[in-house]
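FYI, it's all coordinate maths here, none of it is from the lab. None of the values given here were measured: they were computed from a predicted structure. Here the Cβ is made from the backbone with ideal geometry for all residues, glycine too, and neighbour counts use every protein chain on show.
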Amino acid sequence: MRHSEAAPRLTPAVRMGLSIALATGLYGISFGALAVAAGLTVAQAMALSLLMFTGGSQFAFIGVIAGGGGGAAALSAATLLGVRNGVYGMQMQQLFTPRGWRRVVMAQITIDESAATALGQAQPDEQRRGFWTAGVGVFVLWNAFTLLGALLGDALGDPRRFGLDGAAVAAFLGLLWPRLQGREPIALALACGLVTALAIPQVPPGLPILLAAAVGAAWGWLRPAPPAAGEDRAP
């Protein structure tokens, strides 16, 4: 009887949120190790995960620092990649209309994974369960594995001996690839990657990613708007 009462709590949204939290949280090991390899202390790496808490922005930040860029360039790159969370925040505000302390907590854990898990559900209750499971789960595991990676990286020393100097790129691509669905996003990602690769030898650290962001903004500005719902596509 107790089993039947507890079973409904592990709903599809909760299972999805837990699996996403585990898969995403594991990337925190790479971030922690690479953060200390880039010159950050363990405490600074933890501060980034606790306060910034958006994987793409964090990897961009330490990537610029590791490449010799200054704090302003690193922060600019991280901010550009984190702007999307503001869009998610508006969606979650409209979906859940949180108040009080929930609004503050939800703002912190509104990321790709929590928003996608919530929006992938049909029922309001499942949307709420999915959001909180994925958001809190990723936050806890990301920070736990960041600490583990930072401690291990600090003990290992030079990351190039173990191939960790290339892990940031691999981890960033791992976070990015599942979001590339359809020809247009893949084409845009390839175009931005090409611009970044061409710019790296020519401009100071931190600027290549800003140029790639400019390409993405121009793409969005120049592409034709999709037809409105019900609009006839024929001329």
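Figures for the structure shown
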| item | result |
| --- | --- |
| Rough spin-label spacing in nm, given labels placed 7 Å along Cα→Cβ, for LEU18 and GLN44 | 3.8 nm |
| Among TYR88, ALA43, ALA78 - extreme Cα towards positive end, dipole of region 10-179, charges at beta-carbon | TYR88 |
| Gain on full stretching of the segment that runs from ARG99 to ALA72 - 0.36 nm per residue minus C-alpha separation | 6.3 nm |
| Amide H contacts of ALA38 (H built 1.01 Å from N, under 5 Å, at least 5 apart or other chain) | none |
| Linear extension gain, VAL136 paired with ALA191, 0.36 nm per residue minus alpha-carbon span | 16.4 nm |
| Relative contact order of region 50-127, pairs being alpha-carbon contacts under 8 Å that are 6 or more residues apart, as % | 25 percent |
| Residue-wise HN-Hα coupling along region 132-145, computed from phi with Karplus coefficients 6.51, -1.76, 1.60 (Hz; x: Gly, Pro) | 5, 5, 5, x, 5, x, 5, 4, 5, 6, 4, 6, 5, 6 |
| Relative contact order (%) - criterion: Cα under 8 Å, at least six apart; region: region 10-179 | 45 percent |
| Segment ALA107-LEU51, length gained on full extension (0.36 nm per residue, minus Cα span) | 19.0 nm |
| Region 22-30 - phi-based ³J(HN,Hα) in whole Hz, Karplus 6.51/-1.76/1.60, Gly and Pro as x | 5, 5, 6, x, 4, 5, x, 4, 4 |
